[in-house]
Amino acid sequence: KNQVEQSPQSLIILEGKNCTLQCNYTVSPFSNLRWYKQDTGRGPVSLTIMTFSENTKSNGRYTATLDADTKQSSLHITASQLSDSASYICVVRDTGGFKTIFGAGTRLFVKA
Amino acid sequence: DAGVIQSPRHEVTEMGQEVTLRCKPISGHDYLFWYRQTMMRGLELLIYFNNNVPIDDSGMPEDRFSAKMPNASFSTLKIQPSEPRDSAVYFCASRKLAGADEQYFGPGTRLTVT
């Protein structure tokens, strides 16, 4: 069964600290993995997309990693800011794009 | 471009009433998606269109739900009759190309059925 599991479910960190969010998937055959940021009351916005051959991709303070062998991805946030408080959703698509599986998301709270 | 536009932003209705949600995708995008998001189930794909044609509606929960896309710039999601368990945020998203191309989400419609 195609699944995407994210951990932790929620996370509280102090402003300026780093954090790492995890995503494990069983989607096969794998095409790409995307991390979205969803602010409260708004639609998700794409942060990064990674294909099978990519190991790391950065977008500012956000760095995503992908291990296609173990089917794991992580999103690392450096020097967190209050504006990073949001839900982060991992989305995996199979080859051909016929199936898109959404993770339940990690809710991140950054406190001053 | 104004992005994906959804209306209304909030809808409160009584059980049994018909609800119509509206979406205007980004101009030039060939794909349109309808999602539902709840705390319990997260984001769920309901249906998507390619060039105004419904391609996969396997996520539509029941016959009470229907979606149409009469032209490239407009789509509706209708619930008739509505039930309290339909309360959720409904997102519309559009995408230009197939495969790895990014989906752009609208702001969502928060539906409350009492």
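What follows draws every value from the coordinates through simple rules; no lab data is involved. These figures come from a predicted structure and were not determined experimentally. Reconstructed Cβ throughout: ideal geometry from the backbone, glycine too, with neighbour counts over all protein chains shown.
In this structure the amide hydrogen of A:F30, modeled in the peptide plane, comes within under 5 Å of the amide hydrogens of A:T95, none closer than 5 places in sequence on its chain. Computed over neighbours whose Cβ is under 12 Å from that of A:C90, the net charge equals +3, Lys and Arg +1, Asp and Glu -1.
A DSSP coil position with no more than 15 other Cβ atoms inside 10 Å describes the following GluC sites (Glu not before Pro) in region A:2-62: A:E15, A:E54. Residues in region A:17-44, backbone N under 20 Å from the label point at A:F52 (7 Å along the Cα-to-beta-carbon vector): list them, ranges by number please. A:24-35, by backbone N distance to the label point.
Per-residue Karplus couplings for region A:6-21, computed as 6.51 cos²θ - 1.76 cosθ + 1.60 with θ equal to phi - 60°, are listed in order as 10, 8, x, 5, 8, 8, 10, 9, 8, 3, x, 7, 9, 8, 10, 10 Hz, Gly and Pro entered as x. Return the single residue from B:M39, B:M69, B:M15 with maximal mean-square fluctuation; model: Gaussian network over chain B, springs between Cα atoms under 10 Å. Per the Cα network of chain B with a 10 Å cutoff, B:M39 tops the list.
Mean per-residue shielding of peptide A:41-49 is 5, counting Cβ atoms of other chains within 10 Å of each Cβ. Using only side-chain charges placed at the Cβ, +1 for Lys and Arg and -1 for Asp and Glu, the dipole size of the protein assembly as shown relative to its Cα centre rounds to 360 debye. Note on chain B: with a GNM built from Cα contacts shorter than 10 Å, the maximum mean-square fluctuation among B:R22, B:R41, B:R64 falls on B:R41. Percent of Cα-Cα pairs more than 33 Å apart in the protein assembly as shown, please. Every Cα pair in the protein assembly as shown considered, those over 33 Å come to 17 percent. A Cβ-based charge dipole, computed about the Cα centre of region B:1-48 with Lys and Arg at +1 and Asp and Glu at -1, lands at about 100 debye.
Taking Cα centre as origin and charging only the Cβ of basic (Lys, Arg, +1) and acidic (Asp, Glu, -1) residues, the dipole magnitude of chain B rounds to 220 debye. Each of B:M40, A:Q9, B:C23 was placed along the dipole of the protein assembly as shown (beta-carbon charges, centred on the mean Cα), and the one lying farthest toward the positive end is A:Q9.
Determine the sum of side-chain charges near B:A88: Lys and Arg each +1, Asp and Glu each -1, restricted to other residues whose C-beta is under 13 angstrom from that of B:A88. For residues surrounding B:A88, the net value is 0. List the cysteines in the protein assembly as shown whose Cβ has no other cysteine Cβ under 4.7 Å from it. A:C19, each lacking another Cys Cβ under 4.7 Å. Across peptide B:32-39, the mean count of Cβ atoms from other chains lying within 10 Å of each residue's own Cβ comes to 2. By the Kirkwood approach, averaging reciprocal distances over each pair of separate Cα atoms, chain B gets a hydrodynamic radius of 14.0 Å. Scanning residues 5 or more positions from B:Q17 or on other chains, those with amide H under 5 Å from its amide H are B:S82, with H placed 1.01 Å from N in the peptide plane. Treat region B:34-99 as a sphere of radius equal to its Kirkwood radius over Cα pairs and apply Stokes-Einstein at 25 °C in a medium of 0.890 mPa s; give the translational diffusion coefficient in µm²/s, rounded to a whole number. This corresponds to a translational diffusion coefficient of 194 µm²/s. The ellipsoid equivalent to the alpha-carbon distribution of chain A has semi-axes of 24, 14, 12 angstrom, derived from the gyration tensor eigenvalues as √(5λ) and listed largest first. Of the residues A:S87, B:P84, B:T114, the one whose Cα sits farthest toward the positive end of the charge dipole of the protein assembly as shown, with +1 on the Cβ of Lys and Arg and -1 on the Cβ of Asp and Glu, is A:S87.
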